[in-house]
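The next block holds one structure in the form of structure tokens; read it before the comments.
The values are calculated or read from the model by the stated rules, or taken from the named source; none is laboratory data. What you see is a predicted model; the values in this text were computed from it and never measured. Note: ideal-geometry Cβ built from the backbone for every residue, glycine included; neighbour counts use all protein chains shown.
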Amino acid sequence: MPLLRITAPLILLLLVATSHAGEKVAYEIYAKSYFVKNNAPLPGNPAFLVLHDKKSYDQIFGIGFVMGGKPKLVTESLFQKNLVITAIKSGNALWKYDVEKVSIEKQQLIIVYKAVGKESPSAKFTVPLIVSVPRGDYADIVFIENDKEVSKIPVKK
């Protein structure tokens, strides 16, 4: 019986903690087949963007096919039910992104990811993280990189 007394408050604490963790949101990653155009209108470095349509997407990204299987492509129809969210870093590091979780909490879409850069002093890179998510009633997109909030941008309709 003493075990039950200890376990019940612990279970209650876990339920309260997870209720504030945010509702998971389905997502797809598209960065493998795309590059950032040289003339892309980026708002800074790093750049964080919400893209609502294929036209705005095509202003930023070009497509580059490589050997291997057919890649997942961003199409016009994707934007009927989805938004595309991107983080773009430029500089002397080749970045690798790993999305850990996408969730919604209080009208904020939260993208949690790891970013690891490999320095190369003789080369310049512009590396995107491209994620599609279902359209929703989001006020802001919050980018959490390596356990630290790096940007919060409004979702303009």
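Every listed requirement among (1) among the polar types (S, T, N, Q); (2) part of a helix (DSSP H, G or I); (3) touching a Leu at 6+ places or on another chain (Cβ under 9 Å) is met by residue 86 save one, (2). What pairs come out if I take residues in region 54-80 that are touching a residue at least 24 places away in the same chain (Cβ under 8 Å) and within 20 Å of residue 135 (Cα to Cα) and pair them with residues that are hydroxyl-bearing (Ser, Thr, Tyr) and surrounded by 10 or more Cβ atoms within 10 Å (Cβ to Cβ) whose C-beta lies under 7 Å away, six or more apart or interchain? Close Cβ pairs satisfying both conditions: 72/30; 73/33; 74/30; 74/57; 78/132. Taking (1) at pLDDT 95 or above; (2) surrounded by 14 or more Cβ atoms within 10 Å (Cβ to Cβ) in turn, residue 125 satisfies each apart from (1).
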